[in-house]
Amino acid sequence: QVQLVESGGGLVQAGGSLRLSCAASGRTMSFYTMGWFRQAPGKEREFVAAIIWIGAQTYYSDSVKGRFTISRDNANTVFLQMNSLKVDDTGVYYCAAKGGGVSTNRNGYQSWGQGTQVTVSS
């Protein structure tokens, strides 16, 4: 079992920035891809970004491309730098991990964090 703990969420004005962190522990050796998803009330959970651990190749949804950056450190932490935030970015952000290649489908991920709330005000 892999434990994922998100942090860094909060309330921010439109146009501002936040950096989310996801700390992984447990059987982390079995994972190849880490991803970020988000879910707004009344909407489906949607893909935001993903990173392949070896080589750090990254992938983004069209809605965040150019504004968000996913990265990792040399330990077991993945980050999501969010710039130029919009009201539509509001939602609960989840960190997820999977053993195979990159997927934008939430059903392909084996482990999930509890989520961290991001609220963008106008």
What's the total number of residues in the stretch 1-45 that are farther than 16 Å from T116 by Cβ, part of a strand (DSSP E or B) and open to solvent by 30 Å² or more (accessible area, probe 1.4 Å)?
3
Collect the residues in the stretch 59-89 that are surrounded by fewer than 15 Cβ atoms within 10 Å (Cβ to Cβ), basic (K, R) and either within 10 Å of the chain's Cα centre (by Cα) or more than 24 Å from Y32 (Cβ to Cβ) (or both), keeping them in residue-number order.
K86
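The values are calculated or read from the model by the stated rules, or taken from the named source; none is laboratory data. This structure is a prediction, so every number in the text was calculated from the model and none was measured. Positions of Cβ are generated from backbone atoms using ideal geometry, with glycine treated the same way; all protein chains shown enter the neighbour counts. We work out accessible area using only protein heavy atoms, side chains counted, and drop any ligands, DNA or RNA first. Shrake-Rupley method; radii C 1.70, N 1.55, O 1.52, S 1.80 Å.
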